[in-house]
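Right, one structure below, let's go through it.
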Amino acid sequence: NAGVMQNPRHLVRRRGQEARLRCSPMKGHSHVYWYRQLPEEGLKFMVYLQKENIIDESGMPKERFSAEFPKEGPSILRIQQVVRGDSAAYFCASSPSRASGSVETQYFGPGTRLLVL
Amino acid sequence: QKEVEQDPGPLSVPEGAIVSLNCTYSNSAFQYFMWYRQYSRKGPELLMYTYSSGNKEDGRFTAQVDKSSKYISLFIRDSQPSDSATYLCAMKIAGANNLFFGTGTRLTVIP
């Protein structure tokens, strides 16, 4: 399966704990995006990364949230000291590099559903 | 005002009906328009992708973009129960990094 992979699919945390969400882009894709979907709301952009670089984090909350996309391994979205309002579905998307294919299309993974108790 | 408006529905139609789904937007800089299908508890799946104005057809699906009216549509012909899902419109400014999504329209096709 060459699609975008995310794990875990479901994550339960208590208030104050840390949540780590992982995303492996489609094969050949070097651009990763994270979105958050709250109940009854559309997906909201959080951050855009390329390998070892954060390109655009304009949608990321200023505190407690961070993201990385290391040279080796998956992209990680990290939420420290989670609160109940962080409960949502977090989706990762990837797109091809500008050198090949269209960078304008984004392909989504199955999401991680975070529940904060 | 939201940048992308979409009627959340729900919309129920009988099998075989033609379905029309729509979104309006306020930002005239949007140039890329997409429709995603999202089944319950799954990730969005890209259905159609259109650049600028015009029509695009793919099987039973037709996407239309009217930039003068800031209005996009997705038509589904001969709808099937397997089309039951939430349909999300999404838009992008050329060169920008993120997509702007509508809230989604929940569609049920009744056998």
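Overview of results
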item	result
Selection within region A:27-36 - open to solvent by less than 50 Å² (accessible area, probe 1.4 Å) and more than 11 Å from the chain's Cα centre (by Cα)	A:H29, A:S30, A:H31
From A:R84, A:R78, A:R36, A:R64, residue being in contact (Cβ under 8 Å) with a residue 12 or more places away in the chain, of a type in the set (D, E, K, R) and over 27 Å from B:Y39 (Cα atoms)	A:R64
Subset of region B:1-27 that is surrounded by fewer than 15 Cβ atoms within 10 Å (Cβ to Cβ) and assigned to a strand (DSSP E or B) - its residue that is farthest from the other protein chains (Cβ to nearest Cβ)	B:P14
Hits in region B:83-103 (condition: surrounded by fewer than 17 Cβ atoms within 10 Å (Cβ to Cβ) and touching a residue at least 24 places away in the same chain (Cβ under 8 Å))	B:I93, B:A94
Scan of region A:52-80 for residues that are in a loop (DSSP other than H, G, I, E, B) and open to solvent by less than 80 Å² (accessible area, probe 1.4 Å), ordered by number	A:G59, A:M60, A:P61, A:R64, A:F69, A:P70, A:G73, A:P74, A:Q80
Residue under evaluation B:R106, criteria (1) open to solvent by 10 Å² or more (accessible area, probe 1.4 Å); (2) part of a loop (DSSP other than H, G, I, E, B); (3) over 13 Å from B:T24 (Cβ atoms); (4) touching a residue at least 24 places away in the same chain (Cβ under 8 Å), criterion not met	(2)
Leading residue by the ranking (farthest from the other protein chains (Cβ to nearest Cβ)) among those in region B:28-51 that are exposed (fewer than 14 other Cβ atoms within 10 Å of the Cβ) and in contact with a strand residue (DSSP E or B) (Cβ under 6 Å, 6 or more places away or on another chain)	B:A29
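The values are calculated or read from the model by the stated rules, or taken from the named source; none is laboratory data. From a predicted model like this one, the values you see are computed outputs, not experimental measurements. Quick reminder, even Gly has a Cβ in these numbers, built from the backbone with ideal geometry, and neighbours come from all protein chains shown. These area figures cover heavy atoms from the full protein model, side chains too; ligands, DNA and RNA do not enter into them. Shrake-Rupley method; radii C 1.70, N 1.55, O 1.52, S 1.80 Å.
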